[in-house]
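Here the structure comes first, spelled out in structure tokens, and everything after it is commentary.
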Amino acid sequence: MAAAAVIGVAGFTGFPVSTTHVLSSGIAGAMVASNGTKNLNSNTLRNIALAWVLTLPVCIILSLVLFVIFHLFV
């Protein structure tokens, strides 16, 4: 419900948010709230953090590669 509310408010106000990031943060927050930090899986947290860090650079590189390909061959 919290993730849906955040995404809804962001959509209404026009703020760009990543639904995946909002949802994964909500799940991690619910896990901490239910049983403290011992309820978190460190491997899952590492994967979430890597996804957050790598999403923007990978999108930038992919868009550059696609731009060059389409610019040269189309």
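Between PHE67 and THR20, what FRET efficiency comes out of the Förster formula 1/(1 + (r/R0)^6) with R0 = 25 Å and r the beta carbon distance, rounded to 0.05?
Rounded to the nearest 0.05, the efficiency is 0.55.
Keeping all protein chains in place, calculate the accessible area per residue for the chain (probe 1.4 angstrom), answer in Å².
Numbers: 5960 Å² over 74 residues.
Computed with neighbouring chains in place, this is 81 Å² per residue.
Arranged from highest to lowest average of other beta-carbon atoms within 10 Å per residue, in what order do the peptides 1-7, 50-56, 33-39 appear?
Values: 1-7: 13.3, 50-56: 11.6, 33-39: 9.1.
Answer by packing, highest mean first, reads 1-7, 50-56, 33-39.
If a paramagnetic tag sat 7 Å from the Cα of ILE27 along the Cα-Cβ line, which residues of segment 33-69 would have the backbone N under 18 Å from that point?
What the label zone holds, given the 18 Å backbone N cut-off, is 33-55.
Pick out which of SER24, SER63, SER42 has the largest mean-square fluctuation in a Gaussian network model of the chain, springs linking Cα atoms closer than 10 Å.
SER63
Given a 1.4 Å probe and every protein chain left where it sits, what share in percent of the accessible area of the chain is carbon and sulfur? It would help to have the intermediate numbers written out before the result.
Working: 4550 of 5960 Å².
Answer for the chain is 76 percent, counting heavy atoms of protein chains only.
For the chain, which DSSP H helices look membrane-span-like by this rule: Cα extent along the axis of 20 Å or more and mean Kyte-Doolittle of at least 0.0?
19-35, 42-73
Probe radius 1.4 Å, ligands and nucleic acids left out: which of HIS71, HIS21 has the largest accessible area, and how do the rest follow? If you can, show how the numbers build up before the last one.
Details: HIS71 125, HIS21 50 Å².
Greatest to least solvent exposure: HIS71, HIS21.
The values are calculated or read from the model by the stated rules, or taken from the named source; none is laboratory data. These numbers were taken from a predicted model, which means no experiment stands behind them. For neighbour counting, all protein chains shown are included, and Cβ atoms are generated from backbone atoms with ideal geometry for every residue, glycine included. When the accessible area is computed, the model is the full protein with side chains, heavy atoms only, and any ligands, DNA or RNA have been set aside. Shrake-Rupley method; radii C 1.70, N 1.55, O 1.52, S 1.80 Å.
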